[in-house]
Amino acid sequence: MEEVDVEPTITNIPAISDGKHMGFAWGPGDILVYETRYKASGASGSGCSFIHEIRKDEDIYSPILRKLFNESHHIFVGLQTIREDLPSKSKKPQFVSISKNYRSVIRACMEELQQVAVSTKNTELATQCGNQVSILLAIELIWNLCEVLFIDAAPAGSLLLHLLDWVRLHKADVDEKAREVLQSESPAEHRDYWDVVVSYVLQGRLEEVRQMLVKQANLQPAARSMYKQMDTLLSKMPFYNPGGTQTLTEFDVKWRHWHEEVDRCLQDNSFASNRHLELICKILLGDEDTLLDHKELLGTWYHFLVTRLLFCHPTVKLTELHYYAQSCMTMFLDSRSVPEPLDNILLAAFEFDIHQVIKECSLWQLAVDYFDHCPEFGRVYLELQIERVPLETERKALKVLRVCEQRQMSEQVRSICKIMAMRALRNNRLGSALSWSIRAKDAAFATLISERFLQDYCAKGTFSDLDLIDNLGPAMLLSDRLTFLGKYREFHKLYGEKRFREAAKLLLSLMTAKIAPQSFWMTLLTDALPLLEQKEVIFTADQTYELMFCLEELTSSLNITASSTDRPMQEEDVEVTKVELLRLALARNLAQAIVKEGTVEI
C-alpha cells in the first residue's frame with residue numbers, strides 16, 4: 001500500500017513578528033511552538049506569550065482504521081490474481097463480489113467505531129469516532145454508487161432497482177421511525193405514522209406501505225373501500241424482473257397502463273376526501289411539486305432523483321442519468337446554497353466522469369497503486385489524474401513528483417517542476433524557483449532566475465540561498481548564466497578564504513571566456529579592485545593587460561549606450577569615477593607586475 005499523506009493539524013498559530021525567532025520542542029506525538037525573547041535590532045511589535053501545539057492527524061493511527069486499511073489492501077492484492085485470459089462476462093460477477101467485499105469491510109469498521117463512540121466515556125474519543133463514521137458513510141455511499149454505475153453497469157430496468165437498493169441502504173432512518181410507530185399502543189394514531197407511510201412510498205417500498213395502510217383502514221371502517229382501491233393500485237405497480245421472461249418493452253407497456261390508471265383515479269377525485277391518500281396518489285404519478293414539498297423526508301437531491309425516476313422513468317438508461325441528475329440537483333437545492341463536496345462527487349459519478357470522482361475524493365496516492373494494475377488504460381488514467389492533483393504545498397508537489405519519476409513520466413515531471421518554479425518566482429523565493437527549474441532541466445527558466453539572482457546581488461551586495469548556489473555541482477552546466485552564477489559564487493568563496501591568486505584567475509576567466517554577461521563586467525572589474533590594491537602583486541602583467549582590454553571594451557560600449565539613452569547625470573558621474581579608479585589601479589598594478597617579473601616582451 002502507498003504511504004498515506006498525513007498533513008499536520010495546526011491550531012491557531014499566529015505569524016511570528018518581524019525580527020522575532022521561533023523556538024520549538026518535540027513531544028511524544030506533537031511539537032510545542034513558542035516565540036523566543038530574542039529581539040533583533042530594529043525589530044518592532046510586542047511579543048506573543050502563547051505556546052502552541054502542533055499535532056499530526058491521529059486518524060491514520062487508529063487501530064480500527066488501520067484494520068480497515070489492511071483488510072482492504074488484502075482484498076486488492078487478491079483482485080490481482082484474477083486470470084487475465086478470462087472473458088469479460090466471467091470477470092464481471094467476480095468484480096461485483098469484490099466490490100461488495102470492500103463495502104462490507106467499510107460497514108464492519110463503521111459498526112466498530114459506532115460501538116466505541118457509544119461505550120466510551122471519553123468525550124473527545126466519542127467525537128473523533130463520530131467524525132470517522134461520517135466520513136466512512138460518505139465513502140461507502142460513493143463506492144456503492146460507483147459499483148452500480150461502473151462495475152455492475154446495470155442495463156435499463158435493472159439500473160433503477162440497483163439505485164433503489166442504494167437509496168434504501170443509505171436512508172435507513174425510516175425503519176427506526178417505523179419501529180417506534182409499530183411498537184406504540186395505536187400505530188395508526190401515532191404522530192409519525194403518515195411520515196413513515198410517505199417515506200416508504202418515496203423509497204418504492206410498496207409492500208410496507210400496504211401493511212401500514214391496513215392499520216389505518218381498520219381504524220376508519222367507513223373509508224375501507226377507498227383504502228382498498230389504493231391497495232389495489234399499489235399492488236398493481238409493476239417492477240422489472242431481470243431474470244424473468246418479460247422483455248423491457250413489455251414491462252414498459254405494462255407500467256404505462258398502470259400509470260394511466262393512477263392518473264384516472266386522481267382525475268376522478270377518487271381520493272379527494274382523504275388528503276393522505278391523495279398525496280400518495282400524486283407521488284405515484286411522480287408529481288414534481290409534491291415531491292419537492294417533501295424535501296425533509298427525501299433528505300437529499302439524489303434520493304429525489306431516484307424517486308423521480310421510479311415514478312416517471314423506470315426504464316432509464318445509464319447514458320441518460322447525467323441529465324436527470326443535474327436537473328434534480330438544481331431543483332432540489334436552494335438557489336442560494338452551494339453544493340457540498342459529496343454532492344459534487346456523486347454528480348460526477350452520475351455524469352460518468354470517473355477522473356473527477358477520483359479527484360474529488362481524498363488520498364490520491366492510493367489511486368496510483370490501483371492505476372498501476374490497470375494493464376490497458378492505467379497509465380493514461382494516471383497521467384490524467386496526476387494533472388488534476390492540486391499542488392498546494394511543496395511537500396505535496398514532491399510526493400507527486402516522486403510518483404512520476406518512479407514511472408518515468410518525464411512530461412509530467414517537467415510540468416510539475418515548471419508550475420512550482422513559477423509559483424516560487426512569483427513569491428520571490430529565488431532559491432526554490434532555481435531548484436525546481438534545475439529539476440525540470442529548463443535551461444531558459446534557469447537562465448531567467450540566474451539573472452534575478454545577479455540583479456538581487458547588485459542591489460543588496462550579498463547572495464541569498466547560498467547553500468543552493470554552493471552545491472549546484474554539474475547542474476550549473478544547464479545554462480551559461482547558471483554556470484556564471486555558480487562560478488561567480490566560487491570566486492567569492494576563494495576571496496573569502498584569501499586564496500587571492502586563484503580568485504583572480506577565476507575572475508579574469510569569467511570575462512575573457514565570455515561566460516559573464518557584459519552588463520555584469522563593471523561589477524566584476526569593481527570586484528577586482530581589492531585584488532589590485534593588495535600589497536602583494538596578484539595579477540600578472542599579462543592578466544593586467546587582459547583586464548585593461550576588458551575595461552576599454554566595456555567603456556566603448558558604455559559610451560555608445562550613453563549617447564543613445566538619457567541616463568541621469570549623477571549615475572553617469574558614478575560610472576566615470578569607477579572607470580578612472582580602475583584605470584589608475586590597473587596602471588599601478590601593471591607597473592608593479594613589470595618590476596616583479598623583470599622584463600616584458602615588446
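The values are calculated or read from the model by the stated rules, or taken from the named source; none is laboratory data. Keep in mind the model is a prediction, meaning the values are calculated, not measured. Cβ coordinates were reconstructed from backbone atoms using ideal geometry, including for glycine residues, and neighbour counts include every protein chain displayed.
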Exercise. Can PHE271 be described as touching a residue at least 60 places away in the same chain (Cβ under 8 Å), outside any helix (DSSP H, G or I) and in the same structural domain as VAL201 (by TED's automatic domain parsing)?
Worked result: no
Exercise. Checking ARG501 against (1) modelled with pLDDT under 80; (2) assigned to a helix (DSSP H, G or I); (3) over 22 Å from GLU553 (Cα atoms), which test does it fail?
Worked result: (1)
Exercise. Within the bounds of the stretch 440-452, is there any residue that is β-branched (Val, Ile, Thr) and either without any contact (Cβ under 8 Å) to a residue 40 or more places away in the chain or more than 28 Å from PHE539 (Cα to Cα) (or both)?
Worked result: yes
Exercise. If a residue has to be modelled with pLDDT of 75 or more, among the hydroxyl-bearing types (Ser, Thr, Tyr) and over 30 Å from LEU305 (Cα atoms) to count, how many in the stretch 359-379 make the cut?
Worked result: 0
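Here's the yes/no breakdown for (1) part of a helix (DSSP H, G or I); (2) touching a residue at least 40 places away in the same chain (Cβ under 8 Å); (3) within 30 Å of LYS228 (Cβ to Cβ):
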| position | (1), (2), (3) |
| --- | --- |
| CYS281 | yes, yes, yes |
| THR290 | yes, no, yes |
| THR307 | yes, yes, yes |
| LEU310 | yes, yes, yes |
| PRO314 | no, yes, yes |
| CYS328 | yes, no, no |
| MET331 | yes, yes, no |
For this session: Could you please give the count of residues in the stretch 173-204 that are surrounded by fewer than 18 Cβ atoms within 10 Å (Cβ to Cβ), assigned to a helix (DSSP H, G or I) and polar (S, T, N, Q)?
Result: 0
Seminar exercise, completed: Note on the stretch 537-568: residues of a type in the set (Ser, Thr, Tyr) and either at pLDDT below 80 or part of a helix (DSSP H, G or I) (or both) are THR544, TYR545, THR555, SER556, SER557, THR561, SER563, SER564, THR565
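Each row is one residue, and each column tells you yes or no for (1) over 18 Å from GLU140 (Cβ atoms); (2) modelled with pLDDT of 90 or more; (3) outside the structural domain of GLN246 (by TED's automatic domain parsing).
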residue: GLU288; (1), (2), (3): yes, yes, no
residue: LEU291; (1), (2), (3): yes, yes, no
residue: HIS294; (1), (2), (3): yes, yes, no
residue: LEU298; (1), (2), (3): yes, yes, no
residue: LEU321; (1), (2), (3): yes, yes, no
residue: ARG336; (1), (2), (3): yes, no, no
residue: ALA348; (1), (2), (3): no, yes, no
residue: VAL357; (1), (2), (3): no, no, yes
